[in-house]
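Here's the structure, in structure tokens; my notes come after.
The values are calculated or read from the model by the stated rules, or taken from the named source; none is laboratory data. On a predicted model such as this, the values are computed, not experimentally measured, just so you know. These accessible areas exclude ligands, DNA and RNA; they are computed on the full protein's heavy atoms, side chains included. Shrake-Rupley method; radii C 1.70, N 1.55, O 1.52, S 1.80 Å.
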Amino acid sequence: MHAGMEFIVTTLVVVMSPGPGAMLTIASGLNRGMRASFITAFGCTLGIVPHLVAALLGLAVIFHTNGYAFNVLKLIGVGYLLYMAWKALRERTALNPSVESMNPTSAVFMIRSAMLLNLFNPKLPLFFLAFLPQFISSDSSAPTQDMLLLSAIFMLLTLLIFMLYGAFAAIVRRRVLEKPYVMRWMNRIFALSFVCLGIKLLTSSR
């Protein structure tokens, strides 16, 4: 298999695996509709940029070799996941079908929340440190450009997959809205998922 195709297939597996960003995007689609899910997907994708910059500057190596730095970022990430679980439990927007439009402030808030979710994910800098270089030829004359290209592909696939998740959630939203108790249980499931992801992150190692 060609190296480029190997990278795309591997990236699809990584992106499609359930994670905080995917769960947040699905929750946005169910609670607020398709536009909100797309905005959240965009925010999650933007949250990848700081990790890419850190990897290019060599900061990812610090997190990989410095246990203290990794653990601090991990604890912040766990705390934010627990905060998102609390937010999911308190979510009431989905019970009001008339809430479809969002002012610029709410859109900015959703992007910021999604970016922070990925920003505090200590696995992403390690992803760019350990995963991407495997697909860069050792005799490449422009490794930085190659890494930027692969990162752009990774971000594009992340955006598209998350938008598909969000679109599906938004499509079934109307059916869910007809049964408020279903939405309440869905939000509880999302809250539990964020808690489980937080526990998984807390017990993870470099």
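Observations on the model:
- Cα-only Debye scattering, region 134-179: base-10 log of I(q)/I(0) at q = 0.17, 0.20, 0.31, 0.33 Å⁻¹: -0.61, -0.70, -1.00, -1.05
- Average accessible area per residue (Å²) across region 7-62 - probe 1.4 Å, nucleic acids and ligands excluded: 37
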